[in-house]
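The next block holds one structure in the form of structure tokens; read it before the comments.
Computed from the coordinates by the stated procedures, all read-outs in this text should not be read as laboratory data. Here the structure is a predicted model, which is why all the values come from computation and not from measurement. Positions of Cβ are generated from backbone atoms using ideal geometry, with glycine treated the same way; all protein chains shown enter the neighbour counts.
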Amino acid sequence: MTLNEETRERISSLIADNNVVLFMKGNRLMPQCGFSARMVQILDQVVPDYHTVDVLEDPEIRNGIKEYSQWPTIPQLYLKGEFIGGSDIVAELYASGELHEKLGVAKPPPPKTPTIAITDAAARRIREYMERNPGGELHLSVDARSQPSLGLGPREANEIEVKANGIGVCMDSLTAARADGLSIDVVETPAGVRFKIEKAVQGGKPVQQLDAKELKKMIDRGEAFELFDVRTPEERAIAKIGPARLLDEQAQAYIESLPKDTRLVFHCHHGGRSQAAADHFRGLGFDNVYNLVGGIDAWSTQVDPSVPRY
């Protein structure tokens, strides 16, 4: 796709008007892909304020920035008009301290080594996976929304290793700063056994799970609550739950202005992204937070079949 002059000027203006600008999928609070979330996680550690451009809301920018930068993927970071690169390059610069130098900030001291617990049941399951993947190390990641995940892979430079129940857990410095007190267990679900990674929330109730039929009853009873859609605008154009409001920057600011006991309900396509959003606002002190189990797909199958599935 050829970059037209109007789009080129818009991109140039965004870069010129902001010392730090990130072209990403989603926004700072709610990244819509893992690479964008990783970039936000890094920038949040080194710079208090930066501008983000959600390419999902603007197809011209989404395609144009690739040609403008001569870089095939998103996210893309610019610092003071200079193109830096994507998430892998920025992660390397962060780990080496070069990103701090470019931003004119001091490199932080090494994070405190976190304490992590792995139950015996989880340790047995992890060892089974490791036996099937010789040479693979266990990696823990906690993103900017405090959403944890596990994976197996080779050891990377600058990673920290923590021992738990005889198992080495590798993580980057960003995760290490967030991982203290995490416990890893396994639980039975209708879809099979899965890992459960959690950290106790101090005070109040944890995020509660809400099924689609109960949400329908809440709506029918006229109960007071705020319902937010964590999906992209493109997904929302395909299907939506009537009273739900898109979780954009204005909605985020609105939530933060509400009393901390406001009942908040979040939904997405299947429940994963909305769980991350619910965890985020629970972490901000809201203590009446719900996640719609199964997302809008469950709403379609259990409540309103006229809502399209995709």
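Show me, for the range 51-62, the HN-Hα J-couplings you get by feeding each phi into the Karplus relation (A = 6.51, B = -1.76, C = 1.60, θ = phi - 60°), rounded to Hz, glycine and proline as x.
So the Karplus estimates, Gly and Pro as x, are 9, 10, 10, 7, 5, 5, 8, 9, x, 5, 5, 4 Hz.
Under a plain spin-label model, where a point goes 7 Å from the Cα along Cα-to-Cβ, how far apart in nm are residue 165 and residue 260?
Distance between the two pseudo-spin positions: 3.3 nm.
Roughly how many nanometres apart are two label points built 7 Å out from the Cα toward the Cβ at residue 284 and residue 250?
1.7
In the range 3-32, which residues have a backbone nitrogen under 20 Å from the label point lying 7 Å from residue 82's Cα in the Cα-to-Cβ direction?
Taking a point 7 Å out along Cα→Cβ of residue 82, the residues of the range 3-32 whose backbone N falls under 20 Å are 12-23.
Quick one, can you get me the convex hull of the C-alpha atoms of the range 240-310 expressed as volume per residue in Å³?
Here the figure is 88 Å³ per residue.
On average over all directions, what projected area in square nanometres does the range 5-103 have, based on the convex hull of its Cα atoms?
Numbers: hull surface 22.5 nm².
In nm², the orientation-averaged hull projection of the range 5-103 is 5.6.
Averaging over every viewing direction, what projected area does the convex hull of the Cα atoms of the range 117-198 cover, in nm²?
For the Cα atoms of the range 117-198, the hull's average projected area reads 5.5 nm².
Taking H as built 1.01 Å from N, whose amide H comes closer than 5 Å to the amide H of residue 20, not counting residues under 5 places away?
It is 51, 80, by chain and number.
Name the shape class, rounded, prolate or oblate, that the alpha-carbon gyration tensor gives for the chain, where a ≥ b ≥ c are the square roots of its eigenvalues, rounded holds for a/c under 1.5, and otherwise prolate holds if a/b is larger than b/c and oblate otherwise.
Note, shape of the chain comes out oblate.
What FRET efficiency, computed as 1/(1 + (r/R0)^6) with R0 = 30 Å and r the Cβ-Cβ distance, is obtained for residue 124 and residue 270, rounded to the nearest 0.05?
With a Förster radius of 30 Å, E is 0.60.
With a ≥ b ≥ c the root eigenvalues of the C-alpha gyration tensor of the range 213-279, is it rounded (a/c under 1.5), prolate (a/b larger than b/c) or oblate?
Oblate, since a/c reaches 1.5 and b/c is not below a/b.
Subtracting the Cα-Cα distance from 0.36 nm times the residue separation, let me have the gained length for residue 8 to residue 92 in nm, one decimal.
The span from residue 8 to residue 92 would gain 27.4 nm if fully extended.
Hey, fewest Cβ within 10 Å first, where do 56, 43 land in order?
The most exposed by this proxy come first: 56, 43.
What is the extension gain from residue 57 to residue 304, computed as 0.36 nm multiplied by their sequence separation minus the C-alpha to C-alpha distance, in nm to one decimal? Kindly include the intermediate steps, with their values, before the conclusion.
Working: separation 247, 0.36 × 247 = 88.92 nm, distance 2.74 nm.
Going from the current span to full extension adds 86.2 nm.
To make sure I understand the rule: partners must be lysines, Cα under 23 Å from the Cα of residue 240, and not fewer than 8 residues away in the same chain. Which ones qualify?
25, 213, 216, 217
Rounded to the nearest 5, what is the percent of antiparallel bridges among the DSSP beta bridges in the chain? Provide the component values of the computation, followed by the final result.
Numbers: 26 of 46 bridges.
The antiparallel fraction comes to roughly 55 percent.
Can you give the local net charge around residue 9? Use residues other than it whose beta-carbon is closer than 13 angstrom to its beta-carbon, Lys and Arg +1, Asp and Glu -1.
That sum, taken over residues with Cβ under 13 Å, equals -2.
Mind checking the dipole of the range 117-198: about its Cα centre, +1 per Lys or Arg Cβ, -1 per Asp or Glu Cβ, Debye to the nearest 20?
For this selection, approximately 160 debye.
Quick query: amide H of residue 184 versus all other amide H atoms, modeled in the peptide plane; which residues come in under 5 Å with a sequence gap of 5 or more or a different chain?
117, 118, 119
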